[in-house]
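What follows is a short report on a single structure.
The values are calculated or read from the model by the stated rules, or taken from the named source; none is laboratory data. In this text the structure is predicted, and so the values were computed from the model without any measurement. Methodologically, a virtual Cβ is constructed for each residue, glycine included, from the backbone with ideal geometry; neighbour enumeration extends over all protein chains shown. The accessibility values were calculated without ligands, DNA or RNA, using every heavy atom of the protein model including side chains. Shrake-Rupley method; radii C 1.70, N 1.55, O 1.52, S 1.80 Å.
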Amino acid sequence: MSIIHEAATVTAKGRITLPKSIRQVLRVEVGDKVAFELHENGRDVVSRAAADDEDPAIGAFLGLLADDIRAGRSVQAIPADLAQDMLEHAGRAARPAEEIEGDVDR
């Protein structure tokens with residue numbers, strides 16, 4: 001069962017225009033990349049591709065979360081303080097060359 005069903009026409013050069021409703025749901029803007037997945041069971045998935053500077057740990061976490069949702073497993077709420085920290089850090093770019101402040105456990 002789909003929540004949105006849209007169609008796009010493929011041009012002679014193999015290009016398509018994503019319908020506005022799909023762009024909005026995927027939060028895709030000019031310059032963003034879109035990923036296409038074709039599964040053996042005939043299921044096709046279009047998703048917003050990860051940005052080159054996106055944290056791979058967050059991408060892996062979101063993948064596990066998506067797997068749980070697809071499998072029908074219950075997703076528990078995360079603590080409010082953790083959610084707030086995640087939101088505050090979501091827009092920050094990784095800076096691996098930057099010095100670490102404070103003590104570091106080794």
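So which helices (runs of 4 or more DSSP H) are wholly in the stretch 15-106 and hold at least 3 residues that are within 28 Å of residue 3 (Cβ to Cβ) and at pLDDT below 80? First the steps, then the outcome.
Numbers: elements: 20-26, 56-70, 80-90.
In the stretch 15-106, the matching helices (runs of 4 or more DSSP H) lie at 80-90.
In the stretch 55-72, the residues that are more than 20 Å from residue 88 (Cβ to Cβ) form no Cβ pair under 7 Å with any partner that is of a type in the set (Lys, Arg) and surrounded by 11 or more Cβ atoms within 10 Å (Cβ to Cβ), whether six or more places apart or across chains. Being open to solvent by less than 100 Å² (accessible area, probe 1.4 Å) and within 15 Å of residue 47 (Cα to Cα) is the filter here; which residues of the stretch 1-30 pass it? Those that are open to solvent by less than 100 Å² (accessible area, probe 1.4 Å) and within 15 Å of residue 47 (Cα to Cα): 2, 4, 6, 16, 18, 19, 21, 22, 23, 25, 26, 28. Taking the criterion of being farther than 17 Å from residue 59 by Cβ and open to solvent by less than 100 Å² (accessible area, probe 1.4 Å), the residues of the stretch 79-90 that qualify are 79, 80, 82, 83, 84, 85, 88.
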